[in-house]
Each structure stands twice: as structure tokens, then as C-alpha cells.
Amino acid sequence: MTRYKCLVLDHDDTTVDSTRKVNYPQFRGSLARLRPKMTVSEDDFIRYCCDLGFYRMCDEILHYTPDELERHIADWRAYLKTHHAPFFPGIADVIRRQKDEGGIVCVVSHSYEDTIRPQYERAGVLQPDIIFGAEYPAEQCKPNPYPLEELMRRYGLAPEELLVVDDMPLGRQMARACGVPFAAAAWYGMPDFIREKLACDCDYFLETVDDLSALLFSEK
């Protein structure tokens, strides 16, 4: 039996290996078109996404106009049609077993549902039961607690019946706002500056996907 009735997964760098394989290369291409005199290293890109989130980075660091942000997102959507981030080994098995044992699988992400579901379908991974993505109003997106509150309302769950698994502090912030257990996902090769932020304040620090599987399905 799964330990947590509802498994709440982040998408990028938790479920799929996306930043280094897809999102940052695409980001560099859009930056060259929209801010040709500006450079952002991979480490800084990850740092900004960690501290601010992608959309605040676009506002506060890149100073995009609404039209420029729309162009960047359109470029990213087009890029995803031909560049596919792989699922981390073992994640598909975790999702399958969670569902086989009567559990719920939710994704809370700053990507869009209509870009997430095709990735699951393409890889042959069982679809999440529900996705809260960037199509929601900003005040309902992570780190706002709305996704967890809605999950608990919809499925009649208590906070201790959910587990949030995320590679970024914004996921922890969302979990803490609702008293939901939080597991830091470090298997993508978490940079030290994020590791230091998360290791000191999480319920579980998971180095591998096998660690997540053991946490969810241990007989003890």
C-alpha cells in the first residue's frame, strides 16, 4: 500500500530531465532574439528559476514586455514539439505503482498542461489524475497553496495524506503553507546552492528515484 494517498509531483527536473536537455537551450535561443546583448549562464538560469520562478525572472531580470513574454512562450512551445525531455529512469514505475495501489498522482508545475500531457503520452507513462499548470491564474500557481487546497477539497484528503516532491524551494513553500510533507528531489544533479536551501528544511531529501520508491512503498 502506498504511504501517501496523493503523490504531488513537480514536472521539470523532478519527473523529466528538462532544464539542461531542453529548457535552457531553448531559453538561450529566445534570449538571443529578444535580448541580443544579454547573456544568462546555465547556473544563473537555474538560480533565477530557483529564487524567483521563471515568470518573475522574465519580469524582474529580463524585463520582458507582455508581448515579448508571449513570443518567448510561443517559441518554447514550438521547441517542445521537436525536442523531448526524457523521463528520469524509474519515475514511470513509481507513477504506475502509485496508481496500482489506489493512490492519486497530481502534477503541479510552471509548465502548461497541454505541454505536459503529450510528454507523458509520448513516453508511454500513465497520465496524472490532475495537473495544475501555468494555464491557471498566477494567484493559483505554485508557490500559492491553491493546488494543494483544491486537491484536499476535491478528494477529501488531510494534509498528511499528500506528499509534495519538487526540486525547487517554491514547491517547499507551497507544501509548508498547507502543512503537507515535502520531499526534495535531488536526482537531476541538484546544484549546491539549491541543495543548501532544501537540505536544511525538508521532510525527506531524496538523492535517487529509488529513494522515492522506497519512501512510498516500503513495507515498514
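Every read-out reported here was derived from the displayed coordinates using simple, explicitly stated rules and does not represent laboratory data. Since this is a predicted model, take the numbers as computed values, not measurements. FYI the Cβ positions are ideal-geometry reconstructions off the backbone, even for glycines, and counts take in every protein chain you see.
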Inter-probe distance in nm under a simple model that places probes 7 Å from Cα toward Cβ, at Lys81 and Glu139: 3.5
For segment 54-63, Karplus couplings with θ = phi - 60° (6.51, -1.76, 1.60), whole Hz, Gly/Pro x: 4, 6, 5, 4, 4, 7, 8, 9, 8, 6
Note, ³J(HN,Hα) from phi for segment 12-20, Karplus 6.51, -1.76, 1.60, rounded to Hz, x at Gly and Pro: 5, 6, 10, 9, 10, 8, 9, 4, 6
Using θ = phi - 60° and Karplus 6.51 cos²θ - 1.76 cosθ + 1.60, couplings along segment 4-9 (whole Hz; Gly, Pro as x): 10, 4, 10, 9, 9, 9
Percent antiparallel among DSSP beta bridges (both partners in the chain, rounded to 5): 5
Residue-span extension gain [Arg28 to Glu196] - 0.36 nm each, minus C-alpha spacing: 57.8 nm
Nearest-20 debye value, the chain charge dipole, Cβ charges on Lys, Arg, Asp, Glu: 400
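Order of Phe182, Phe88, Phe217 from fewest to most other C-beta atoms within 10 Å? Please list the in-between numbers first.
Details: Phe182 23, Phe88 19, Phe217 15.
Fewest to most other Cβ atoms nearby, the residues stand as Phe217, Phe88, Phe182.
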Candidate values (1) 56, 35, 31; (2) 50, 50, 25; (3) 109, 32, 28, label of the one derived for Cα extents along the principal axes in Å: (1)
Nonlocal amide H pairs with Glu135, under 5 Å, H built at 1.01 Å: Glu113
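Would you mind calculating the gained length between Ala214 and Arg47 on full extension (0.36 nm times residue separation, minus the Cα-Cα distance), in nm to one decimal? Don't skip to the end; give the middle numbers.
Working: separation 167, 0.36 × 167 = 60.12 nm, distance 2.95 nm.
Length gained between Ala214 and Arg47: 57.2 nm.
What is segment 19-80's relative contact order, in percent, from Cα pairs under 8 angstrom and six or more apart in sequence?
Numbers: 24 pairs, mean separation 26.1, N = 62.
Result for segment 19-80 is 42 percent.
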For segment 54-98 and segment 111-129, distance of Cα centres in Å: 13
Inter-label distance for Met38 and Met1, nm, one decimal - labels placed 7 Å from Cα along Cα-to-Cβ: 5.2
